[in-house]
Every structure is written in structure tokens, then in C-alpha cells.
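Here the structure comes first, spelled out in C-alpha cells, and everything after it is commentary.
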Amino acid sequence: MAFIRSMAHPYLNLPSIADRQRDVWDTWQSIAPLCPQLYLHSTVDALVSEPEVSAFQKVQVGINPPNTGH
């Protein structure tokens, strides 16, 4: 996993890629879909860590609380 991260890190830090990634994350953190969301993640994911997925999920739930009345 560390090898894959080390290979992806320089590419993901290119200014154009980093700017686009930041724009996407900013948008996703301010606009939550109105449909149910399923978050799948793995502890061995080389690009997005499990804590990052969990933090994103918490932000999304805060924006659009789940409607439990089915």
C-alpha cells in the first residue's frame, strides 16, 4: 500500500490535479445528494484512507440528515 501511495502522490500533487480534486471535495462537502448513500471503503485503499471516507460520510449526513420514515 505504501508503494502505491508513493507512486500516486506526485501525480495527485500536480497543481492542476490538486486544484480539481480540491474543487470536487469542496463541492461534495457542501452539496449532499437527496438519495440514500452507501459508503464502501477498504483499509487497504491506496488513494483514500478509511478515516477520510468516514469523515466525508459524517459531513454528508450533517448536510442531509437521513429520513428514517420509509
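About the Cα centre of segment 8-52, what is the dipole size in debye to 20, counting +1 per Lys and Arg Cβ and -1 per Asp and Glu Cβ, all else neutral?
Numbers: 2 positive and 6 negative charges, 18 e Å.
Using only the charged Cβ atoms, the result is roughly 80 debye.
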With a 10 Å radius around each residue's Cβ, average the other Cβ atoms per peptide and rank 6-19, 42-55, highest first. 42-55, 6-19
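No value in this document is a laboratory result; all are computed from the given coordinates. From a predicted model like this one, the values you see are computed outputs, not experimental measurements. Don't worry about glycine lacking a Cβ; one is built from the backbone with ideal geometry, like all the others, and counts go over all protein chains shown.
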